[in-house]
Amino acid sequence: MLKYTEDHEWLRAEGDEIVVGITPHASEQLGDVVFIELPEEGREVEAGDEVVVIESVKAASDISAPISGVITAVNTALADTPGSVNDDPLAAWFFRIRPAQGTSLDGFMDDAAYQALIG
Amino acid sequence: MTDDPRRTPLHDLHLSLGARMVPFAGWEMPVQYPKGVLAEHLHTRAQAGLFDVSHMGQVVITPQDGDMAAAALALESLIPADVLGLAPGRQRYGLFTNDAGGILDDLMFANCGDHFLLVVNAARAEHDIAHMGSLGGVTVTPVTDRGLLALQGPQAAEVLARLVPEAADMRFMDSRILPWKGVDLWVSRSGYTGEDGFEISVPEARLREFAEDLLDRPEVAPIGLGARDSLRLEAGMPLYGHDMDTGVTPAQAGLGWSIPKVRRTGGARAGGFPGAEAVLAELADGPAMIRRGLRPEGRAPIREGVAIFAEPSGGAPIGHVSSGGFGPSVGAPIAMARLPAALPDGATLYAELRGKRLPAAITPLPFITPSYKR
C-alpha cells in the first residue's frame, strides 16, 4: 500500500523502514533522467532536507526527505541506469529511511487522494 | 510581455502528435513529443527528424532598383560578412554587431537572385527588422505568410528527394527555390544539428500538408526544442542569448570565422560595420576569453551559469558555462563555457555544482563529427 507526498514521491513501508521513489507522474514531467545523486548511507536527515538530485535532459530537481530519520540504504544501481526511473518509476527506488520514533505515514496521501491531486 | 504566446501554423498538428508545448521566445512551441528528448535526439542522428521552426524570423531584403550589389553592400554595413561575394543560390552565416562590437543577433542570409532571404532568431526578429529599417536602397519585408521546417539527419536528403527531387542535387549551404505541388519552397541545405539536412520555407496554407507528407515516411519523426538544443550543443553551435549576446564579441563567441579576410583589416572592404574597430582589433590580437567545449567527469550535467575554477578549491572563477546539458550521442554531459583562450585543450578545470567542484576537461568543439554534404 503506497503513500504519496505532494512532491510526487511514493512511500512504501517495509518492516521498520520506508522505501522512497518518485511517481510515474513525476517521472513523466521530468523527462529523460540522465543523472541521479543519492545521499550517503547512514546520514541522519530531517523531513524536508534535500537528499536526492535528479538531472533530466531538461533540468535539475531536488527530492527531499519525506520524514525525519536515518538513510539505511540507497539504490546505487541508479548511477549506471538513471533511465530506469523513466522505465519503471515504481520499481526504481531511491533510498530506504528508518523513521525517527513516533513517525507516522498517516498524514500522507493514499492512492485516491494522489490521483485527485494530479488530476 | 503580457501578450499570449503566438502559435505556429502547425500548432494543432503538434497537439495531435502528443507534443508538450512550452512558451519560447514569445511563441508556444513543442519541447518534446511522447518519444522524449533522448529518443528524438538519437532518431535525428540515425534517420531524420522534422522540426517546426516557424517561430524563426524570415525576412526578405529587396533592392529598390534591382541592384543586388548595392543591397549586398547595404547589408554589409550591418553584418561583418562577405555578402557581396555570395553567389546566387548560396547561403552564409553572419552576425549583426553593435557599436561596442557586441553581437545583436546571428543569422543565415541567402542570395536568391533578385533578393536576399534572411533567417533570424525568433526572440530578435522584431529588433533585427527595426535595425535594418535604416538601410538605404532596400525594402525590408518580414515574411508573415510562410512557415519554416527543418528536416535533419542522414536520411533527410533521401526523404526530401521523394517530394522534391531537385533537393538531392543541392550542396551544403545551397539555397534554392524549388516547386512542390504548385507552390514554391525556399530550400537551403543547412541546419542546426551537425547533421546533413534542409531548412524549408513553405507557404502557410500548405505547411501542414507538407509536414504530414514528410511525417508519413517511416524514417521521419517529429522533434521538439529539447532535442534541438542537445543536437546543436553536441554540434558546438552557439545559441543567441546564451553563448553570445550584446556583451560578447564575435571573436569571444568563437565566430571570427564568419568574418572573412575581405572585411578584416587590410581587406578590400575592411570594416564599415558597427563596432568594426574593436571587433577587428580583437580578431587580430586574439580574445582573452573565448567560447570553448567542456567535458565534465562523471555523469552530472553542468548547466548555464555554473562557475568554472582553475583549482579544486579556493580562488575566483575564471569563467562560466554558457550552455550545458547531457549529450545523448556523446553519452555524457557536455557544455560550452566562456574560458580563457590561453588555456590548452585537455586542461582540467573545476565546475562548481551544488557546493562541490567537479573536474571538467577543455575539449575542442564540436563534440560530434558533423556530416554535412559538401
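What follows is calculated from the coordinates using simple rules that are stated; it is not laboratory data. Predicted model only: the values in this text are computed from it and were never measured. Positions of Cβ are backbone-derived with ideal geometry, glycine not excepted, and every protein chain shown enters the neighbour counts.
Filter the range B:220-236 down to residues that are out of contact with any helix residue (DSSP H, G or I) (no Cβ under 7 Å at 6 or more places or on another chain) and within 13 Å of chain A (Cβ to nearest Cβ), then give me how many there are.
In the first step, residues of the range B:220-236 are kept if they are out of contact with any helix residue (DSSP H, G or I) (no Cβ under 7 Å at 6 or more places or on another chain); the result is B:225, B:228-229, B:232-236.
With the extra rule that they be within 13 Å of chain A (Cβ to nearest Cβ), the set shrinks to B:225, B:228-229, B:233-234.
Matching residues across the range B:220-236 total 5.
Which one of A:Asn86, A:Asn75 is touching a Phe, Trp or Tyr at 6+ places or on another chain (Cβ under 7 Å) and not aliphatic (A, V, I, L, M)?
Numbers: A:Asn86 fails: touching a Phe, Trp or Tyr at 6+ places or on another chain (Cβ under 7 Å).
After ruling out the rest, the residue left standing is A:Asn75.
Considering only residues that are among the charged types (D, E, K, R), surrounded by 13 or more Cβ atoms within 10 Å (Cβ to Cβ) and either closer than 14 Å to A:Asn75 by Cα or within 15 Å of the chain's Cα centre (by Cα) (or both), which ones fall in the range A:31-46? A:Glu37, A:Glu41 - these are the residues of the range A:31-46 that are among the charged types (D, E, K, R), surrounded by 13 or more Cβ atoms within 10 Å (Cβ to Cβ) and either closer than 14 Å to A:Asn75 by Cα or within 15 Å of the chain's Cα centre (by Cα) (or both).
Out of the range B:216-275, which residues are among the hydrophobic types (A, V, I, L, M, F, W, C), touching a residue at least 40 places away in the same chain (Cβ under 8 Å) and in a loop (DSSP other than H, G, I, E, B)?
In the first step, residues of the range B:216-275 are kept if they are among the hydrophobic types (A, V, I, L, M, F, W, C); the result is B:220-221, B:223, B:225, B:227, B:231, B:233, B:235, B:237, B:239, B:244, B:248, B:251, B:253, B:255, B:257, B:259, B:262, B:268, B:270, B:273.
Still in the running and touching a residue at least 40 places away in the same chain (Cβ under 8 Å): B:220-221, B:223, B:225, B:227, B:231, B:233, B:235, B:237, B:239, B:244, B:248, B:253, B:255, B:259, B:262, B:273.
Matches in the range B:216-275: B:Ile223, B:Ala235, B:Met237, B:Leu239, B:Val248, B:Ala253, B:Leu255, B:Ile259, B:Phe273.
Here B:Ile302 meets each of (1) away from chain A (no Cβ under 14 Å); (2) part of a loop (DSSP other than H, G, I, E, B) with one exception, condition (1).
Restricting attention to the range B:326-334, does a residue exist that is aliphatic (A, V, I, L, M), outside any strand (DSSP E or B) and within 14 Å of chain A (Cβ to nearest Cβ)? Break it down stepwise before answering.
Quick first cut of the range B:326-334, residues aliphatic (A, V, I, L, M) only: B:330, B:332, B:334.
Right, trim to outside any strand (DSSP E or B) and you get B:330.
Checking the rest, the ones that are also within 14 Å of chain A (Cβ to nearest Cβ) come to B:330.
Yes, because at least one residue in the range B:326-334 is aliphatic (A, V, I, L, M), outside any strand (DSSP E or B) and within 14 Å of chain A (Cβ to nearest Cβ).
Only one of B:Ala347, B:Ala361, B:Ala341, B:Ala337 is away from every other protein chain (no Cβ under 14 Å) and touching a residue at least 60 places away in the same chain (Cβ under 8 Å). Can you tell me which?
On the way: B:Ala347 fails: touching a residue at least 60 places away in the same chain (Cβ under 8 Å); B:Ala341 fails: touching a residue at least 60 places away in the same chain (Cβ under 8 Å); B:Ala337 fails: touching a residue at least 60 places away in the same chain (Cβ under 8 Å).
Answer to the selection: B:Ala361.
Against the conditions (1) within 14 Å of chain A (Cβ to nearest Cβ); (2) crowded, with 22+ Cβ neighbours inside 10 Å; (3) of a type in the set (D, E, K, R), B:Glu199 satisfies every one except (1).
Condition check ((1) more than 11 Å from chain B (Cβ to nearest Cβ); (2) part of a loop (DSSP other than H, G, I, E, B); (3) within 22 Å of B:Lys356 (Cβ to Cβ)) across all residues:
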| residue | (1), (2), (3) |
| --- | --- |
| A:Asp7 | yes, yes, no |
| A:His25 | yes, no, no |
| A:Phe35 | no, no, yes |
| A:Glu41 | yes, yes, yes |
| A:Val52 | yes, no, yes |
| A:Asn86 | no, no, no |
| A:Pro89 | yes, yes, no |
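Might you check whether a residue that is away from chain A (no Cβ under 14 Å), in contact (Cβ under 8 Å) with a residue 24 or more places away in the chain, part of a strand (DSSP E or B) and among the hydroxyl-bearing types (Ser, Thr, Tyr) occurs anywhere in the range B:77-92? Taking every residue of the range B:77-92 in turn, none turns out to be away from chain A (no Cβ under 14 Å), in contact (Cβ under 8 Å) with a residue 24 or more places away in the chain, part of a strand (DSSP E or B) and among the hydroxyl-bearing types (Ser, Thr, Tyr). Going through the range A:54-74 one residue at a time, which ones are outside any strand (DSSP E or B) and away from chain B (no Cβ under 14 Å)? A:Ala65, A:Pro66, A:Ile67, A:Ser68, listed by residue number. Given the condition in contact with a helix residue (DSSP H, G or I) (Cβ under 6 Å, 6 or more places away or on another chain) and buried (at least 22 other Cβ atoms within 10 Å of the Cβ), answer yes or no: does some residue in the range B:100-107 qualify? Taking every residue of the range B:100-107 in turn, at least one turns out to be in contact with a helix residue (DSSP H, G or I) (Cβ under 6 Å, 6 or more places away or on another chain) and buried (at least 22 other Cβ atoms within 10 Å of the Cβ).
For the range B:144-185, residues that are basic (Lys, Arg) and not in a strand (DSSP E or B) total 3.
Okay, residues lined up against (1) over 19 Å from B:Ile61 (Cβ atoms); (2) touching a Ser or Thr at 6+ places or on another chain (Cβ under 8 Å); (3) surrounded by 22 or more Cβ atoms within 10 Å (Cβ to Cβ):
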position: B:His127; (1), (2), (3): no, no, no
position: B:Arg146; (1), (2), (3): no, yes, no
position: B:Ala156; (1), (2), (3): yes, no, yes
position: B:Met173; (1), (2), (3): no, yes, no
position: B:Glu195; (1), (2), (3): yes, yes, yes
position: B:Pro203; (1), (2), (3): yes, no, no
position: B:Leu215; (1), (2), (3): yes, no, no
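Of the residues that sit in the range B:27-76 and are more than 25 Å from B:Thr369 (Cα to Cα) and of a type in the set (Asp, Glu), which one is nearest to the other protein chains (Cβ to nearest Cβ)? Here the residue is B:Glu28. Evaluated against (1) outside any strand (DSSP E or B); (2) closer than 23 Å to B:Val37 by Cα, B:Ser322 falls short on exactly one condition, (1). Among the numbered criteria (1) surrounded by fewer than 20 Cβ atoms within 10 Å (Cβ to Cβ); (2) within 21 Å of B:Val60 (Cα to Cα), which one does B:Pro165 miss? Against the list (1) surrounded by fewer than 20 Cβ atoms within 10 Å (Cβ to Cβ); (2) within 21 Å of B:Val60 (Cα to Cα), B:Pro165 comes up short only on (2).
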